[in-house]
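Below is one structure, written out as structure tokens; the observations come after it.
Bear in mind these aren't lab numbers, they're just calculated from the coordinates by the rules spelled out. These numbers were taken from a predicted model, which means no experiment stands behind them. Cβ sites come from the backbone with ideal geometry, for glycine too, and all protein chains shown count toward neighbours.
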Amino acid sequence: MFAGKLTELPDPEQALPGRDEPVKIDPVHHVNGTNMLPPYPEGMQTIVFGLGCFWGAERKFWSISGVYTTAVGYSAGITANPAYEEVCTGFTGHNEVVLVVYNPEVVSSETLLKTFWESHDPTQGMRQGNDRGTQYRSGIYYTSERQEKQARDSLQKFQTCLDEAGLGVITTEILPLGDFFYAEEYHQQYLEKNPAGYCGLGGTGVLF
């Protein structure tokens, strides 16, 4: 049933149905003790990134000064409240993503975007390294017009850097954030709980 569908997004009629109930997680961030669930403290902003396997992606952001909390989940797809195994089939349309909640008075969106661009190869389409599938695509999911402009400007700047290095064309999607579905408890801060766990992320070596 699922053969050949890992590298192309499904049509709505092909998508798995999902479920009404969201996954239950412990809301306390395993690294910094903050609350992963809204509401967040006044003044916080959110942005969501997809840059390959979300285990390593989350670790890139949780220690940045000014980041209040992080969480991994699924977004930019069709299926409501999907399970991890469903996302891996390619029939939910979702990306593996990391939610970043940050204080813009302490850390800028530009700093987060720099981390995003330098932490993966955004030219690989529906994969990241040896991880292949629609859930590993590069994506920025914004929550304000200002974030959108910053994201698109940063893409153009990083493309220039990649061109100078003789590398490929960026395939990153930049979209407004729709639904964000929290991933199962064991995925949250996975590499802190499992220090020897798998992380397939690797940048291009090009600085932003």
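Side notes on the structure shown:
- CD proxy at 222 nm, helix term only [per DSSP H run n ≥ 4: -39500 (n - 2.57); per residue of the chain; nearest 500]: -7000 deg cm²/dmol
- Ranked by how many other Cβ atoms sit within 10 Å of their own Cβ, fewest first, the residues 98, 67, 31, 106 fall in the order 106, 31, 67, 98.
- Where Cα atoms sit under 20 Å apart: lysine pairs in the chain separated by 8 or more or lying on different chains: 6
- Annotation for region 1-72: trypsin sites (Lys or Arg not before Pro) lying in DSSP loop with at most 10 further Cβ atoms inside 10 Å of their Cβ are 24.
- Relative contact order computed over the chain (Cα-Cα under 8 Å; 6+ residues apart), in percent: 30 percent
- Loop-located GluC sites (Glu not before Pro) in region 18-104 (DSSP state not H, G, I, E or B) with no more than 11 neighbouring Cβ atoms inside 10 Å: 42.
- In terms of packing, defined here as the mean over residues of other Cβ atoms within 10 angstrom, the peptides 174-181, 115-122 line up highest first as 115-122, 174-181.
- Region 39-99 and region 116-192 have Cα centres lying 11 Å from one another.
- Here is the result for region 29-71: no chymotrypsin sites (Phe, Trp or Tyr not before Pro) lie in DSSP coil with at most 16 other C-beta atoms within 10 angstrom of their C-beta.
- Note on the chain: antiparallel DSSP beta bridges, both residues inside, total approximately 80 percent of the bridges counted.
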